[in-house]
1. Given the -39500 (n - 2.57) contribution per DSSP H run of 4+ residues, what per-residue ellipticity at 222 nm results for the chain, rounded to the nearest 500 deg cm²/dmol?
2. Taking a probe of 1.4 Å, how large is the accessible area per residue of segment 286-427, in Å²?
3. Treating cross-link reach as a plain straight distance, find the lysines whose alpha-carbon is under 25 Å from the alpha-carbon of LYS608, omitting any fewer than eight places away in the same chain.
4. In Å, what Rg and Dmax follow from the Cα atoms of segment 290-329?
5. Non-local amide H neighbours of ASP56 (under 5 Å, H modeled in plane, Pro and chain starts lacking H): which ones?
6. Please tell me which of these pairs span more than 30 angstrom C-alpha to C-alpha: LYS12/LYS330; LYS410/LYS446; LYS383/LYS478?
7. Ratio of alpha-carbon Rg to the 2.2 N^0.38 Å globular estimate for segment 42-89, to two decimals, please.
8. Estimate the FRET efficiency between GLN191 and ARG367 by the formula 1/(1 + (r/R0)^6), using the beta-carbon distance for r and 51 Å for R0, to the nearest 0.05.
Amino acid sequence: MTSLVIVESPAKAKTINKYLGKGFNVIASYGHVRDLPSKNGSVDPENRFSMIWEVDSRSKKYMDAIIKEAKGADHIYLATDPDREGEAISWHIAQILEEKKALKGKTIERIVFNEITKSAVQNALKTPRTVNQELVDAYLARRALDYLVGFNLSPVLWRKLPGSRSAGRVQSVALKIIVTREQEIEAFKSQEYWSIAGQFKTPKGAEFLAKLTHFDGSKIEKMTIKDGASAEAIASGLKGHDYTLSAIEKKQVRRSPAAPFITSTLQQEASRKLGFGASRTMQTAQKLYEGIAIGGETTGLITYMRTDGVQLSDEAVSQIRTHIQDQYGKDYLPTSPIAYKTKAKNAQEAHEAIRPTDISRTPESLRPYLDEGQLKLYDLIWKRTVACQMNQAIFDQVSLFIESENKKHKFKATGSTLVFDGFLRVYQEGTDDHDDKDDDEKLLPKVEEKDALTLLNILSKQHFTEPPPRYSEASLVKKLEELGIGRPSTYASIIQVLQDRSYVTVDRRVFFPTDRGRIVTSFLEHFFKQYVEYDFTAKLEEQLDDISSGARSWQKVMTDFWKPFHDNVEGTMKIDIVEVIQTLEKDMEHYLFGENTEHTCPKCQAGKLSLKLGKFGSFLGCSNYPECAFTKPVGEQESSSEGSTSVDGPRLIGVDPNTGNEINLRKGPYGHYLQWEGETDTPAAPAKGKRKAAVPKPKRASLPPLMKPEDVTLEQALFLKTLPRFVGVFPDTGEDMHLNIGKFGPYIKVGSIFASIPRAISLFDVDEEAAIPLVRKKIEKAASGTTRTFGRKTKK
């Protein structure tokens, strides 16, 4: 009797095969086996949202292998990942096997395991079940929603906003969050304020600082002292008084450890502490989950990394507590385990938290087996897991209250000392909080109530209010989670799509919306307002969760969404593009025209500037064209170049929003290129035996083939600056794919493979989806023995 076990990845198949031994054959599906074809009609709203599924060319060979093995097996186990996507893949495989008549007389069952360990896999085989149709229905609803939004909303964008890419149901809302924050920053007006502190000396000669809280009987708030003159007057009024320590307040403060990681908190913390993007975090976690070769055996090191659940298994808690007792002592071990409650509404998807599969595998013991990124992420997960079961940290907090003899002037000093480090011995959570905070960590001198204090000096300090910070990956994930938009497993792809579509750029780990992103957001807010509202999107996510738990019918959710959305699309298609442009100009007037409220052309002084939407981006143009050819990129300040259109250069393309440096188009002996004025590339180290280091060269980027110099936009220049650019992971090998331009044109590099990008595909449109088939084609050509050298086909 033979059993076939179907998993998603070849790495997982190899590991599980070793665990099961004879009588079992483990095979990989390599992820999803079929999807909706990228054409109209794949979802039919008129026929209860029936869907047409298609096995793509890549998946066909893997599915053919599964069908062949299934026909020879007696028992089939569907062991794909333990989440909604994994359930969907199992459902697809079962459907295809049924269609191919490969299930006759066989038993097919679903098994799940949260970690790839021998015991977990063997226990899963003892508790098989059927495919959970409710989870599958939730997948179908999400997939149909995303398809219908994409295939109906994107054509509206293409027609009304030339140069725009596409719009997604959740990505558009995430983009709105980033754009709204940028608008808040631009509208922010900084305000001056002052703080005052007194420098005091105790009877024993110790000195300390205390913050002014009351002056002349009135409370001093953050914005009370508005300028230097007021601060000087108050400082003068504080002098010449006797001060006494009126009260000492002591209290003990306890801090509890953070819950173990779920998907979103892991992404946030890896961003804060390691500088990892959400995609890198998930890719690295996937490798740790699927298994690392240790002592000749592949071992899964962490539990499944897509989860909303913060609970830990009893077995894991017991192991963690034993480790704490042995390594740190009984003072660090709570009398009973600490229980964490899952906030996720959908219990079926609230799996165990992300933790090491074996807490005895310390980060240090795994150092020889993990690369740098894997070790850093494992170390983070291991420490958080241990800390979550440790005792609280205890602080003694002391507040000193100081009064003048007339009781009108008051100061306060606060400090704290760590009495017991507790969980802090292992781990301290990072923060995105940018607010100014009192220094509660400072040590205060020993004093007694009613001590007479000597005022040595008054220190005045000027401050300015700051705008809200731009979103980092960590804070954006946190915001999406707070609003209930998207789900933890989708955050990485949401962020990646926004970058791939050139709707946002990332600099110094924070998001900046591009002109294209701003315009798309403005358009959607005016013509599809309901569908980018936070509450609407969050409620839709709740409905999808309700489908997972069986509380709603997926077709009913689809029907309620589809009719008003379809009517909105039909109505917007009828709107004239002139009305669209007028709406955008009114909404974005200050961003587009700045202080030029009359929109006067700076070159001819007679025409009016207006928004123009082109294939390669948006710009402002003069109404007197062709008599006046003045143009300038959207968002760029007025230039003294008066709209020079020379393509031999230098021609100002715009100002880099990340550095403030001008970007000029220039022409050299080898063609046109972009140069960032005032920026340099990091020089290479001097060659061995050479005395002088390489001289830094200006930051430059070549134009790709077929790109006309006169068509270059600021947006494209910023894209070219990012090359070589990470575009995704090649699923067949798990290696990173990078986009770049070389001597013979644009290419994708994966390991030692260089796959050329055909001229029919724009460099600016290459994302993970576009790159994967190009790499596979290159590999297939190499395997067939045909290579292309200098434009000529040759046989190896």
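1. Computed ellipticity for the chain at 222 nm equals -11000 deg cm²/dmol.
2. Value returned for segment 286-427: 44 Å² of accessible area per residue.
3. LYS160, LYS586, LYS632
4. 13.5, 34
5. So ASP56 has HN proximity to ASP35.
6. On the way: LYS12/LYS330 39 Å; LYS410/LYS446 20 Å; LYS383/LYS478 21 Å.
Violating the 30 Å Cα-Cα cut-off are LYS12/LYS330.
7. 1.50
8. In this case the efficiency is close to 0.50.
The values are calculated or read from the model by the stated rules, or taken from the named source; none is laboratory data. Quick caveat: nothing in here was measured; it's all calculated off a predicted structure. Counting neighbours? That spans all protein chains shown, and the Cβs are built from the backbone with ideal geometry, glycine included. Just so you know, the surface numbers come from the protein's heavy atoms only, side chains and all, with ligands and any DNA or RNA stripped out. Shrake-Rupley method; radii C 1.70, N 1.55, O 1.52, S 1.80 Å.
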